[in-house]
Amino acid sequence: MNKITFKTKPNGKLIGKLRVPGDKSMSHRSIMLGSIAEGTTEVKGFLNGEDCLATMNAFRAMGVNIEEKSATELSIHGVGMKGLKAPKSDLDMGNSGTAMRLMTGLLSGQSFDSVLIGDKSLSTRPMNRIIKPLKNMGGGFETEEGGRPPLKIKGRNQLKGFHYEMPIASAQVKSAVLLAGLYADGETSVTEPGITRDHSERMLRGFGYEVKTSGDKGQNISLQGGGKLTASNIDVPADISSAAFFMVGASIAKDSDLTLEHVGINPTRTGVIDILKLMGADIRLENEQEVGGEPVADIRIRSAQLKGINIPEELVPLAIDEFPVIFIAAACAEGETVLTGAEELRVKESDRIQVMADGLNNCGIDAQATADGIIIKAGQLTAGTVDSHGDHRIAMAFAIAGLCANGEIIINDCANVNTSFPDFIALSASVGLEVDLG
Ligand code: S3P
């Protein structure tokens, strides 16, 4: 594999305006739903990162014509609910848990068998969380030991509607069950133990499919199988998970004043803003509007002295992908930050609790991993070498840490930044974050 190293420079500040690439969750879903819809779906703002390209290649391999009008604009010629064709070879989901889990739901309702494979990291990630409910719906699967990929998915099973009380707050599990539910007899429903991102529900509705939500927090979600999706136009906003790196960067780097444009601020994704505000960040939303069923805003961030906090557990699912860079904010704050209730971080693209604790320790910070979180004592970040373990968000988090460090941080194994943030280095440089490639 092509090993890429990042090298940071101390004393940067972030100034100006930036539009980060499109939302990863919505980009995956636009391909999946556009492919099984009737008619042509036009997508703009698509994230052309490796994860979403894996999803795109998989649907092309199942006979869907997807035209790339530009890097971020697609025309997806939907084949209808029953129009996908058996792929001739295994479908490679690369590094993407979202692609593998959502597609497993969708493929379990097809009339053909399929096999999903992934890279080294994805091949170690837990899939029983989706296999279990999908088996209850009548899906047939073979996996490696412990439910690990490759996943062999048997087609030709008529799925039955099912109610799933989800044991973990996971949008991927919810979405896999709902996508299978499109192909099931009767009603499929889930109850979430904590609110998770609702892009599947919103986008299904955008394609004309009825999805009901109930419960005081909207935690019960249901749909009837056997309907159809009608093509829709999708405007994918900038990804708040990519914007988060710069929210932290502009907070911790002195004299920064940065505006992140057209960022998706779906309330199931804005935990990072809430957490940074609790830490004392100066973050303002401007130009708030609704675009294609999703709220969007420009986010202006100015430097501020952050303070350590106990992160409220109910914010964990709403900021699940942003913790690597939130830990950097904690390292640069005053006092101690404590995270609990976040064991899910141990089964992301890497064990994000341990890998971040190790990286912070290597850069002079007292960070202690716990079973379900971390305790970080703020201090002076120093020069150091960090292994990202091929995890895109760890790599970018430490690139941001460079703004506050008093020496060079060397970050190894950064190639996977391309899974979610193509052009990270060039876009960062355009607002004052200089990172060299080694
Ligand atoms: C995602 C859901 C989250 C998140 C992932 C994208 C999605 O995973 O970490 O990056 O698009 O549904 P979980 O739902 O497993 O927490």
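Here is a yes/no grid of residues against (1) of a type in the set (S, T, N, Q); (2) surrounded by 24 or more Cβ atoms within 10 Å (Cβ to Cβ); (3) at pLDDT 95 or above; (4) part of a loop (DSSP other than H, G, I, E, B):
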| residue | (1), (2), (3), (4) |
| --- | --- |
| Gln289 | yes, no, yes, no |
| Ala297 | no, no, yes, no |
| Arg300 | no, no, yes, no |
| Leu318 | no, no, yes, no |
| Ile328 | no, yes, yes, no |
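Within the stretch 111-124, can you find the residues that are of a type outside the set (Lys, Arg) and open to solvent by 10 Å² or more (accessible area, probe 1.4 Å)?
Ser111, Phe112, Asp113, Val115, Ile117, Gly118, Asp119, Ser121, Ser123, Thr124
From the list Gly359, Gly379, Gly390, which one is more than 16 Å from the ligand (Cβ to nearest atom), small (Gly, Ala, Ser) and within 24 Å of Ile425 (Cα to Cα)?
Gly359
Determine whether Thr143 is hydroxyl-bearing (Ser, Thr, Tyr), under 17 Å from Ile31 (Cα atoms) and not in a loop (DSSP other than H, G, I, E, B).
Taking the combined requirement at face value, the residue does not satisfy it.
When you look at Lys152, is it open to solvent by 50 Å² or more (accessible area, probe 1.4 Å) and not in a loop (DSSP other than H, G, I, E, B), yes or no? Can you show your working first?
On the way: open to solvent by 50 Å² or more (accessible area, probe 1.4 Å): yes; not in a loop (DSSP other than H, G, I, E, B): yes.
So Lys152 passes the test.
What's the number of the condition Asp216 fails, among (1) of a type outside the set (A, V, I, L, M); (2) closer than 24 Å to Val79 by Cα; (3) open to solvent by 50 Å² or more (accessible area, probe 1.4 Å)?
(2)
Tell me, which residue of the stretch 179-205 that is in contact with a Gly (Cβ under 7 Å, 6 or more places away or on another chain) and surrounded by 22 or more Cβ atoms within 10 Å (Cβ to Cβ) is farthest from Thr41 (Cα to Cα)?
Thr188
Can you tell me which residue in the stretch 382-402 is surrounded by the most Cβ atoms within 10 Å (Cβ to Cβ), limited to those that are within 17 Å of the chain's Cα centre (by Cα) and of a type in the set (D, E, K, R)?
Once the filter is applied, the top-ranked residue is Arg393.
Out of Met137, Met103, I need the residue that is within 16 Å of the ligand (Cβ to nearest atom) and surrounded by 19 or more Cβ atoms within 10 Å (Cβ to Cβ). Which one? Give the derivation first.
Numbers: Met137 fails: within 16 Å of the ligand (Cβ to nearest atom).
Answer to the check: Met103.
Assuming Leu223 fulfils every condition listed in (1) open to solvent by less than 10 Å² (accessible area, probe 1.4 Å); (2) over 25 Å from Leu278 (Cα atoms); (3) within 16 Å of the ligand (Cβ to nearest atom) apart from one, which condition is it?
Result: Leu223 passes all but (3).
May I ask you to list pairs of residues, at least six apart or on different chains, whose Cβ atoms are under 7 Å apart, with the first in the stretch 346-357 being of a type in the set (D, E, K, R) and the second being away from the ligand (no atom under 12 Å from the Cβ) and not in a helix (DSSP H, G or I)?
Filtered contacts from the stretch 346-357: Glu349/Ser121.
Limited to the stretch 317-356, what total is found for residues that are at negative phi and away from the ligand (no atom under 16 Å from the Cβ)?
Number of matching residues: 12.
From the residues in the stretch 302-316 that are within 16 Å of the ligand (Cβ to nearest atom) and exposed (fewer than 15 other Cβ atoms within 10 Å of the Cβ), which one is nearest to Ile374 (Cα to Cα)?
Residue satisfying both the conditions and the ranking: Glu313.
State yes or no: is Gly215 closer than 28 Å to Ala342 by Cβ and within 16 Å of the ligand (Cβ to nearest atom)?
Considered against the rule, which asks whether it is closer than 28 Å to Ala342 by Cβ and within 16 Å of the ligand (Cβ to nearest atom), Gly215 comes out as no.
Looking at the stretch 5-48, which of the residues that are more than 30 Å from Asp436 (Cβ to Cβ) and assigned to a strand (DSSP E or B) is nearest to the ligand (Cβ to nearest atom)?
As a first pass, look at the stretch 5-48 and keep what is more than 30 Å from Asp436 (Cβ to Cβ): 25-26, 28-44.
Those still in the list that are assigned to a strand (DSSP E or B) too: 38-44.
Working: Glu38: 24, Gly39: 24, Thr40: 24, Thr41: 18, Glu42: 21, Val43: 16, Lys44: 19 Å.
Among residues in the stretch 5-48 that are more than 30 Å from Asp436 (Cβ to Cβ) and assigned to a strand (DSSP E or B), the one nearest to the ligand (Cβ to nearest atom) is Val43.
Output yes when any residue across the stretch 22-31 is open to solvent by less than 60 Å² (accessible area, probe 1.4 Å), assigned by TED's automatic domain parsing to the domain that holds Met81, polar (S, T, N, Q) and more than 22 Å from Pro295 (Cβ to Cβ), and no when none is.
No: zero hits.
For (1) touching a residue at least 24 places away in the same chain (Cβ under 8 Å); (2) surrounded by fewer than 22 Cβ atoms within 10 Å (Cβ to Cβ), each residue gets a yes or a no:
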| site | (1), (2) |
| --- | --- |
| Met56 | yes, no |
| Ala61 | yes, yes |
| Glu67 | no, yes |
| Ser70 | no, yes |
| Leu74 | yes, no |
| Gly80 | yes, yes |
| Lys85 | yes, yes |
| Met93 | yes, no |
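The values are calculated or read from the model by the stated rules, or taken from the named source; none is laboratory data. Note that the structure is predicted; figures quoted are calculated from it, not measured. All Cβ positions, glycine included, derive from the backbone under ideal geometry; neighbour counts span all protein chains shown. Quick note on the areas: whole protein, heavy atoms, side chains included, nothing else; ligands and nucleic acids left out. Shrake-Rupley method; radii C 1.70, N 1.55, O 1.52, S 1.80 Å.
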